[in-house]
Ligand code: TMP
């Protein structure tokens with residue numbers, strides 16, 4: 001049986017990585033063979049492209065094309081073979097991030113993103129997408145507290161992140177069956193309880 005594909009999304013600083021690790025552990029405890037991965041990245045070439053897009057200034061369309069180039073490689077080398085062999089794949093970001101960041105954040109026309117999505121994915125979509133939502137001022141404060149050097153996206157303004165956030169929320173409202181919003185201001189315990197409920201209700 002084909003495995004399930006789950007993606008995690010949200011603005012930088014929304015706590016996605018913590019929930020990614022917890023979700024992998026939860027699924028393993030349920031006896032599921034699960035592959036953790038991330039975008040941009042997930043393959044040796046994808047990780048090289050990640051290093052470029054997170055550091056090099058570039059044209060917006062170059063940025064979008066590189067995100068989808070890394071994604072094509074990720075689908076071909078890792079995601080689709082894993083799902084075909086019955087494994088579940090949990091990715092820290094996927095195509096909703098391109099709509100939110102390159103589209104909402106930077107203003108790339110949605111039809112260009114849709115054309116890239118149709119080309120690279122041919123109708124393939126996640127089974128479930130979890131959007132971790134947080135007010136931008138709190139997310140930026142959390143990012144600052146980590147003390148690490150901000151990458152090209154993390155250096156963006158609060159207004160940029162507000163557009164990214166609103167795009168995620170808009171997409172979640174447009175596709176309520178696939179995309180679930182989780183309130184990242186809640187305690188870890190409460191968020192984990194909700195995640196557990198969502199996974200059990202929708203995927204088993
Ligand atoms: P991360 O910090 O969550 O690992 O993600 C790296 C950055 O890449 C994050 O700031 C969002 C950005 N990104 C895009 O702009 N478009 C995309 O399609 C993806 C997958 C990520």
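Coordinate-derived values only; no laboratory data. The model shown is predicted, which means the values in this text are computed figures rather than measured ones. All Cβ positions, even for glycine, are placed from backbone atoms using ideal geometry, and neighbour counts span all protein chains on display.
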Query raised in the report: Going by how many other Cβ atoms sit within 10 Å of their own, how do 119, 88 line up, fewest first?
Result: 119, 88
Requested in this report: Assuming a ≥ b ≥ c are the square roots of the Cα gyration tensor eigenvalues, decide whether the range 94-145 counts as rounded (a/c under 1.5), prolate (otherwise, with a/b larger than b/c) or oblate.
Outcome: oblate
Requested in this report: Please order 1, 67 by the number of other Cβ within 10 Å, starting at the fewest.
Outcome: 1, 67
Query - Computed over the chain: relative contact order in percent, which uses C-alpha pairs under 8 Å that are six or more apart - result: 31 percent
Report task. Give the shape of the range 109-175 as rounded, prolate or oblate, defined through the alpha-carbon gyration tensor: a ≥ b ≥ c are the square roots of its eigenvalues, a/c under 1.5 means rounded, and otherwise the shape is prolate if a/b is larger than b/c and oblate if not. Result -> prolate
Query raised in the report: Tell me, 200, 83 in order of fewest to most beta-carbon neighbours within 10 Å?
Result: 200, 83
Query raised in the report: Calculated FRET efficiency, residue 201 and residue 51, Cβ-Cβ r, R0 35 Å, to nearest 0.05?
Result: 0.40
Report summary line: The distance between the Cα centres of the range 142-204 and the range 14-28, in whole Å, is 13 Å
Query raised in the report: For the chain, what size does the Cα cloud have along each of its three principal axes, sorted from largest down, in whole Å?
Result: 43, 38, 32
Report summary line: Cα extents of the range 1-78 per principal axis, largest first, Å, are 44, 30, 17
Query raised in the report: Sorted by mean Cβ packing within 10 Å, highest first, what order do the peptides 166-175, 125-134 take?
Result: 125-134, 166-175
Report task. Report the extension gain between residue 77 and residue 178 in nm, rounded to one decimal, defined as 0.36 nm multiplied by the number of residues separating them, less their alpha carbon distance. Result -> 33.9 nm
Query raised in the report: Taking only DSSP H segments of four or more residues, each worth -39500 (n - 2.57), what value at 222 nm results for the chain once the sum is divided by all its residues, to the nearest 500 deg cm²/dmol?
Result: -16000 deg cm²/dmol
